[in-house]
Amino acid sequence: MFEGKLNLPEKACRAFPDRLGSLAAGFDIKDDRSGKSDSAFESGEELEILKPNGPGSAPESEDDYVEMMEEHFESRVRRNPKKYGSRLVSVKEVIAADDKRSDLEYEKEINLEKLQRIADTGLPDGGGLRATAWKQLLLGYLPSCRDLWEKELTENRQKYLKLKEELLLRPSEITRIKDEVSNYNDQNADNDVDGPLRRQEISQEDHPLSSGKASVWHQYFQHIEIAEQIDRDLQRTHPDMKFFSGDAAFSRKNREAMRNILLLFAKLNPVIRYVQGMNEVLAPMYYVFSTDPDEQNAENAEADSFSCFVRLLSDSVDHFCQQLDNSSGGILSTLSHLAELLKANDEELWRHLEYTNEIKPQFYAFRWITLLLTQEFNLQPILRIWDTLLSNPFGIQHMLLRVCCAMLLCMKNRLLSGDFVANLQLLQHYPDVNIEHLLQVARDLSPDTSSCSLSP
């Protein structure tokens, strides 16, 4: 269509494969249910000849082309805002997102270091790249070889279904299944023998009033309180998002899947069980996996989220265990590391909080660290922050403390002028900030990654 009209740089050709109006994640208007989109240009519509450098001239470089196209698209959006939407994504952003996809989506063997570098700069929201990258970055849920993905995913998803059958069925369902198997065996054994019906004996472990530890009913009643707590917390998870909250079938389905994950985790980890706030940690992961445009992946979001949730918490599980608060890997030790990091980077602010205000990290950073910042920011900023946390080669906790320290530094002026009450309120209700700036401050902190290990 545009042959002979514009000489497009290679990156632009990848971003706009069919025609310049297909603006990938930038200008597409997507339908969440069907995945269909409306292009920024109508079919058959032609671009007017652009002459940024004078009549008949063509862009001399890729930067000239990008600048030219940005001016052109901005002009079109201003003329027809209803058609293009209110959010303007620059051509540079579109091309950058496309570069990240092309670097990863077509490689047979994924280079983990390269994936980490790309994820650290932020993964595109569309296209399912974040879901795939998180599964790889989360302690190797997916192997580096793409050819092995289907086999690994199938095996892990089958294991999850088996765990659900064993641990999440009601005791009455378990008893019914046992009875059906027993009756089937009896019918086969006595197929040709007439006589009175046999009385079905109920074993001690199958009796609802049994208090024995091996009793499925005793175990079931033990977990009812936990299940009720999970249900209450899930009702409060991102109440402003229909994906999690509301009475629609879609919302209930998502909460039911998250309930299964959290309850199964509690049953498999009797020492920790379920701790309030784990629902917030699970939410970003389940959201990303459920919105994967790959239908099969989206349908198995519950199983994938469970496996990745277990891997994610393994890096900070000691923070949820009160008996380990004073251990080298406990939450108090981690909070002490945060104070040391702040002192090393801004002693003035550290002294003001520690001695003038007497605000200990326990007062504000306990929630920051245990819940991986999920209650300090809205979901979209959290997804961006987690891109960087999960891509850190020294571990999630290492980068998490640097982000927490950066949060303090970004509020330095307000904190130095505030008293105990004002500063505590500020840190417990952290304001909106530029996330990219926050992450850059975290990266620039000293000491560098080689000398600031938080491993016990």
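The values are calculated or read from the model by the stated rules, or taken from the named source; none is laboratory data. Not measured: the values here are computed from a predicted model. Neighbour counts run over all protein chains shown; Cβ positions are idealised from the backbone, glycine included. Note: accessible area is taken over every heavy atom of the protein model, side chains too, but ligands, DNA and RNA are not part of it. Shrake-Rupley method; radii C 1.70, N 1.55, O 1.52, S 1.80 Å.
Against the numbered list (1) open to solvent by 50 Å² or more (accessible area, probe 1.4 Å); (2) under 26 Å from the mean Cα position of the chain (by Cα); (3) at pLDDT below 95; (4) of a type outside the set (D, E, K, R), H319 comes up short only at (1). Taking the range 319-355 as the range and being touching a helix residue (DSSP H, G or I) at 6+ places or on another chain (Cβ under 8 Å) and not in a helix (DSSP H, G or I) as the test, the residues that pass are D325, N326, S327, G329, G330, D346.
Looking across the range 130-145 at every residue that is assigned to a loop (DSSP other than H, G, I, E, B) and under 15 Å from Y286 (Cα atoms), the one that is modelled with the highest pLDDT is identified as Y141.
For the range 237-254, taking the residues that are without any contact (Cβ under 8 Å) to a residue 12 or more places away in the chain and part of a loop (DSSP other than H, G, I, E, B), the one that is most open to solvent (accessible area, probe 1.4 Å) is identified as K242. Remark: pairs (first residue in the range 129-152, within 17 Å of E302 (Cα to Cα); second residue among the acidic types (D, E) and open to solvent by 30 Å² or more (accessible area, probe 1.4 Å); Cβ separation under 9 Å; 6+ apart in sequence or on different chains) = A131/D294; T132/E105; T132/D294; Y141/E152; L142/E152.
Residue by residue, here is whether (1) at pLDDT 95 or above; (2) part of a loop (DSSP other than H, G, I, E, B); (3) charged (D, E, K, R) holds:
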| site | (1), (2), (3) |
| --- | --- |
| S182 | no, no, no |
| P196 | no, yes, no |
| Y220 | no, no, no |
| D233 | yes, no, yes |
| K267 | no, no, yes |
| V275 | no, yes, no |
| A283 | yes, no, no |
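Quick check on the range 255-264. Is at least one of its residues farther than 25 Å from F377 by Cα and surrounded by fewer than 15 Cβ atoms within 10 Å (Cβ to Cβ)? No.
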